[in-house]
Amino acid sequence: MYAERMGMLPPYLFARIDALKAKKIQGGVDVIDLGVGDPDLPTPAHVVEELCRAARDPAYHHYPSYAGMPDYRAAVAGWYRRRFGVELNPSTQVLALMGSKDGIAHVPEAFVNPGDYVLAPSPGYPVYRTSTLFAEGRVYEMPLAAENHFIPVLEDIPKKVAGAAKILFLNYPNNPTSAVTVPGFFESAVEFAREHGIIIIHDNAYSEISYDGYRAPSFLETEGAMEVAIEMHSLSKTYNMTGWRVGMAVGNEEILSGLGRVKTNVDSGVFDAVQMAAISALTGPDDCVQEACRIYQERRDVLVEGLRGLGFSVEAPRATFYVWMPVEDCMSFATRMLDEAGIVVTPGIGFGSGGDGYVRFALTRSTDRIRVALERMEAIGL
Ligand SMILES: *Cc1c(COP(=O)(O)O)cnc(C)c1O
């Protein structure tokens with residue numbers, strides 16, 4: 001019944017974990033879910049208020065514009081200027097998205113011919129791979145290794161692959177490894193893209209979630225980036241708005257125009273009332289973002305210290321709300337955690353073969369719950 005390309009999709013590990021978790025809950029287990037990358041904190045009240053106000057206004061009840069409301073695109077440009085010092089023309093260099101996943105899922109369709117390569121990090125956000133497969137492209141997995149600070153070694157990509165590649169996906173701060181970029185890497189990526197005629201898609205979903213004074217850059221701050229790259233961003237992680245489906249693609253006009261043309265044919269834009277609420281988030285006070293980071297940092301410290309106390313060797317992340325921990329066998333570790341301790345963690349292999357040997361903890365549960373999780377781990381001798 002299904003098309004052949006459906007058979008190329010990797011088995012969706014996360015759906016299986018969800019099913020196992022549901023079974024545990026049904027069996028009466030008090031499951032602690034440290035698997036999901038979805039903030040437990042609420043959307044800031046002023047943003048919710050603005051949605052309610054806008055939703056009552058019939059002016060916003062129609063089809064939105066495809067590219068996004070001019071005021072929304074201007075708010076995005078203003079935020080990029082204030083936050084990163086990056087200048088964007090709102091009418092040509094900003095495109096509204098239904099979350100950054102929307103942009104990531106559709107961008108290969110605009111640029112990838114059957115058989116073209118797409119360079120994707122492994123481990124990495126699974127949509128880089130699946131969107132490539134839907135466009136009938138070939139995925140070249142760039143390993144992210146601890147000894148390279150989880151940065152891909154672009155020189156290791158075979159010349160033949162680089163020559164046949166159309167897109168390079170990058171993501172710093174990184175999910176799932178929580179790594180941040182290193183000085184000089186973005187510059188060398190721009191050079192690599194120029195040399196091989198490759199488009200860079202930088203996924204910056206976690207730029208605002210950082211600790212210990214670290215501030216993540218935009219890829220577009222890099223000299224020459226505007227000629228070869230776009231950046232996907234979203235309000236999901238920054239403002240606890242995962243359910244709202246609003247984000248942006250910014251950067252090179254031609255690349256944005258290709259993505260925009262695909263999207264014009266598959267969706268009809270972001271609900272205007274949601275865009276109004278997003279404007280209030282981007283232009284409003286940012287103490288809510290700082291408060292969220294403070295909360296995640298406290299959880300990070302409790303978890304990392306607890307894991308070290310149990311004998312694990314684990315790094316404290318400087319950004320994202322994930323802790324990426326080496327284990328001997330990620331599947332059996334995750335299975336044991338759920339079966340014996342009622343704790344969900346994500347096995348690294350779910351993010352590609354490069355994630356094998358790691359598990360990911362999400363800091364999206366309270367310090368109390370994290371402490372209970374650590375006690376349960378200790379009780380089962382982990
Ligand atoms: C959460 C996440 C996204 C998608 O978020 P949206 O809600 O679609 O904006 C994209 N990339 C990475 C790496 C993520 O973790």
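Summary of values
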item: GluC sites (Glu not before Pro) restricted to region 27-126 and DSSP loop, no more than 14 other C-beta within 10 Å; result: GLU87
item: Spin-label zone in region 17-41 - amide nitrogen under 20 Å from a point set 7 Å from the Cα of ALA379 along the C-beta vector; result: 21-35
item: Taking HIS106, HIS149, HIS202 and counting other C-beta atoms within 10 Å, the order from fewest to most; result: HIS149, HIS106, HIS202
item: Environment charge at ILE167 (Cβ cut-off 14 Å; Lys +1, Arg +1, Asp -1, Glu -1); result: -4
item: Rg in Å to one decimal, and Dmax rounded to a whole Å, for region 104-229 via C-alpha atoms; result: 13.8, 45
item: Estimated vicinal HN-Hα couplings, Hz - region 159-174 in sequence order (Karplus 6.51, -1.76, 1.60; Gly, Pro = x); result: 3, 5, 5, 4, x, 9, 9, 10, 9, 10, 8, 10, 7, 9, x, 9
item: Gain upon complete extension [VAL153, HIS61; 0.36 nm per residue less C-alpha separation]; result: 28.3 nm
item: Dipole in debye (nearest 20) - region 64-218, about Cα centre, beta carbon charges: Lys, Arg +1; Asp, Glu -1; result: 260 debye
item: Residue-by-residue Karplus 3J(HN,Hα) for region 7-15, coefficients 6.51, -1.76, 1.60, Hz, glycine and proline x; result: x, 7, 5, x, x, 7, 4, 5, 5
item: Cα-derived Rg over Rh, computed across region 45-283 with Rh taken as Kirkwood radius; result: 0.97
item: J(HN,Hα) series, region 79-84, from Karplus relation 6.51 cos²θ - 1.76 cosθ + 1.60, nearest Hz, glycine and proline x; result: 5, 5, 5, 5, 7, 10
item: Exposed-site-free run, longest, the chain (rule: trypsin sites (Lys or Arg not before Pro); DSSP loop; at most 12 other C-beta within 10 Å); result: 216-382
item: Potential lengthening between CYS52 and ALA145 on full extension [0.36 nm per residue; Cα-Cα distance subtracted]; result: 28.9 nm
item: Sites GLN26 and SER91, calculated FRET efficiency, Cβ-Cβ separation with R0 51 Å, nearest 0.05; result: 0.45
item: Counted charge near GLY137, where neighbours are those whose Cβ lies closer than 14 Å (Asp, Glu -1; Lys, Arg +1); result: 0
item: Exposure proxy order (Cβ contacts within 10 Å, fewest to most) of MET325, MET248; result: MET325, MET248
item: Environment charge at GLN93 (Cβ cut-off 10 Å; Lys +1, Arg +1, Asp -1, Glu -1); result: -1
item: For the chain: lysine pairs under 20 Å (alpha-carbon distance), excluding those fewer than 8 apart on one chain; result: 4
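Here, each number is a calculation from the coordinates, and none is a lab measurement. Please read these numbers as outputs of a predicted model, since none were measured by experiment. No Cβ is skipped: glycine too gets one built from the backbone with ideal geometry, and neighbour counts run over all protein chains shown.
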